[in-house]
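Every number here is computed from the coordinates shown, using simple stated rules; none is lab data. As the structure is a computational prediction, the values presented were derived from the model and not from experiment. Here the Cβ positions follow ideal geometry from the backbone for every residue, glycine too, while neighbour counts run over all protein chains shown.
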Amino acid sequence: MKRHTISVLVENHPGVLARIAGLFSGRGFNIESLSVGETEDPTASRMTVVVRGDDLILEQVTKQLNKLVDVIKVSDFTKEQFIERELVLIKVSADGRSRSEILQICDVFRARIVDVAPKAVTIEATGTEDKIKALVNMLKPFGIREMARTGSVALARTSK
């Protein structure tokens, strides 16, 4: 199954998210990642949907998305160059002995400590899905208490 990153520019109205998610689930696609936010235009939102699936079926879903009234534009980034990032907040157990090692890991991954408590630190990191997975794997031995991930956001690269 091929990984597809789809950007859907929609009108900023109630119920749009449910209709679009319903189109994917109705066709048997599991949404791996879904991120939605307002754009530079407050009347529009951008949805970034990451799914794995057959190219032909996904092409049908894309065509059906384009027919929805609230959809402005649909882009499947699978066949073009794009920039993709994810944000993660990770709360990790940290005592006096492990803090310096956690700080070193943060430096390597260009992550930041955003909160410190007597027995834990909260780390913020952005990057590709692979970078986030690698950071999580490095922090697991310390004990991950909580984690929140945004899912991918993506934009097409600017053509020359």
Simple SL model, points at 7 angstrom along Cα→Cβ for Glu38 and Asn137; separation in nm is 3.9
Calculating percent of Cα pairs over 21 Å apart from this structure picks out, from (i) 53; (ii) 46; (iii) 63, entry (i)
Simple spin-label estimate for Lys73/Glu101, 7 Å along Cα→Cβ, in nm, reads 4.8
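Given R₀ = 25 Å, FRET efficiency for Ile57-Ala21 by Cβ-Cβ distance, to 0.05?
So, using R0 = 25 Å, E works out to roughly 0.95.
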Given Cβ charges of +1 for Lys and Arg and -1 for Asp and Glu, the option among Ser35, Thr5, Ile102 whose Cα lies farthest towards the positive end of the dipole of the chain is Ile102
Tilt, helix 99-108 to longest principal axis of the chain (alpha-carbon atoms), in degrees rounded to tens, equals 40
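In percent, what relative contact order does the chain have, based on Cα pairs under 8 Å that are 6 or more apart in sequence?
27
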The aspartates and glutamates whose Cα lies under 18 Å from the Cα of Lys119, excluding any fewer than 8 residues away in the same chain, are Asp95, Glu101, Glu146
Among trypsin sites (Lys or Arg not before Pro) in the stretch 21-116, those in a DSSP loop whose Cβ has at most 10 other Cβ atoms within 10 Å are Arg97
Given unit charges at Cβ for Lys, Arg (+) and Asp, Glu (-), the dipole magnitude of the stretch 76-138 about its Cα centre in debye, nearest 20, is 300
At R0 = 25 Å the Cβ-Cβ FRET efficiency linking Ala148 and Arg3, nearest 0.05, sits at 0.70
Answer in debye to the nearest 20: the dipole magnitude of the chain about its Cα centre, from +1 Lys/Arg and -1 Asp/Glu charges placed on Cβ, is 340
In whole angstrom, the spacing between the Cα centers of the stretch 1-51 and the stretch 101-160 equals 24
Helix 55-67 sits off the longest principal axis of the Cα atoms of the chain, rounded to the nearest 10 on a 0 to 90 degree scale, by 70
